[in-house]
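Note sheet for the following structure.
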Amino acid sequence: MIINIYIYKLIFVLELFVIEFLFMFHLRKYKLYYLRLAAAFVVSALVAYALPVVSNGFYISFLFLLIFAVNVAALRFCYREPMKNLLFCCLAGYTAQHFAYEFADIMISLVLWGRAPLFDVYSTDGVNLTGMNKETIFWVALYLVSYVTVYTLVYLVFCRQIKKDEDLRIRNEYFLIIIAVGLLINNLLNSIIVQRGGQQDTVIQIIMSVYNCFCCVLLLFMQFAFVHMKKLKTELSFINKLLNKEKEHYAAMRENMNLIDLKCHDIKYQIREIGRSSSISEKTIKEIENTVNIYDSFVKTGNDVLDVILTEKNNACIKNGISFDCMANVSRIGFMDDGDIVSLFGNMLDNAIDAVINIKDKEKRVVSLKITSRDDLVSITEKNYYDGEIIFDENGYPCTRKNKDYHGFGIKSISYIVQKYGGDMSVKAGKGVFQLSILFSSTGNGKGSA
């Protein structure tokens, strides 16, 4: 197809702006955004049209790279984002545009190569787009279908991954350089092939276009894989900090529990002595002892760490009028680290208490925990009532209707520990009852695999 390169430079700018708009849809924008965007497009188009053209593959590649640089600079005045966020989306957009260009070239080459009898297209001669004849309509339609197909796929697979207030800044600049160099080499090779198009076999041209498409897809996946890895690294760092804080909290809590235990026994002894030597009634002494027993209500499971956690949560339930039903056989739970026991059961019961604390029906203010062992398996089941509606995200984490984007780090921390020990976790919610089930092998298979 014969298209004047001056016209194609303008088409190239339009293609860039369309796909970059899709990538930057959720980015923060300046006021009068659409007016700014229109101005940015006009400036980019005028600069692109004014740039001189030389029939040389290397220069053509540099020419489009220069147009891209002008495009990035123009968009800088449209989005209130760090430059690295902007550059990330622009690079992804340029890669997607080139992918669509190569895909359209493949489609057109296949039609010409096969001499398909569509709209009387029998010749491999160039089609001049100066007249609106049926050949022109066909090639324009094929071009549009190719670009719409690629842009739609790119939007579904990549663009939708960019959320509002997303931090896309890649702190390793070398990675961005690798992406940019890969895209530059891809474009340079394409420019040379286009310049030598008359000397190349059609099959070779199609193969090179397919190769270029593959490179573009690979570059896009590399970009977004790195962002995904950065998210996981940040999340893991947060969970580790949470685990360390819980260990510190456990140490302080255990020290306080030991102190309270000693004080409770001393107070009960002193009360009994006072009762023997004074006129305080037995009923009054019993009431005082019952009050002290609230703070002396240690849960005994056979595991010192779990005893402290369950005792604290039991006391929290008592203070808030919540019934805590616990049945624990922990003879085979020793394969877990103390810190992981603290985090697992602490998060589990905190979530349950938060769920039932505002329930007005006293009969539903219940938290149930059951730990059983059989052979090498350890089963943990936690149940509680809840009000409202619980929905699940794409990862299976529960979240509330009020905040769909919030996936509590408590659940993520539990999931992290379950994976660490090679266990399985399932979450169910329905008819006002929430259930968290975990199954471990007491041999600790998979420990440290996370």
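Coordinate-derived values only; no laboratory data. Since this is a predicted model, take the numbers as computed values, not measurements. In this analysis, Cβ positions are derived from the backbone assuming ideal geometry, glycine residues included, and neighbour counts consider all displayed protein chains.
Key figures
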| read-out | value |
| --- | --- |
| Pairs from Lys84/Lys163; Lys313/Lys364; Lys370/Lys412 whose Cα-Cα separation, in the structure shown, is over 19 Å | Lys370/Lys412 |
| Gain on full stretching of the segment that runs from Lys428 to Tyr30 - 0.36 nm per residue minus C-alpha separation | 139.0 nm |
| Pairwise label distance in nanometres, Met327 with Leu46, each label 7 Å out on the Cα-Cβ vector | 8.0 nm |
| Summed side-chain charge close to Tyr147 - residues other than Tyr147 whose Cβ falls under 15 Å, Lys, Arg +1, Asp, Glu -1 | -4 |
| Packing rank of 94-107, 328-341, where each peptide gets the mean count of other beta carbons within 10 Å, highest leading | 94-107, 328-341 |
| Potential extension, Leu218-Arg76 segment - 0.36 nm per residue separation minus Cα distance | 48.5 nm |
| Extended-chain gain in nm, criterion 0.36 nm per residue less alpha-carbon gap, Asn358 and Ser373 | 2.1 nm |
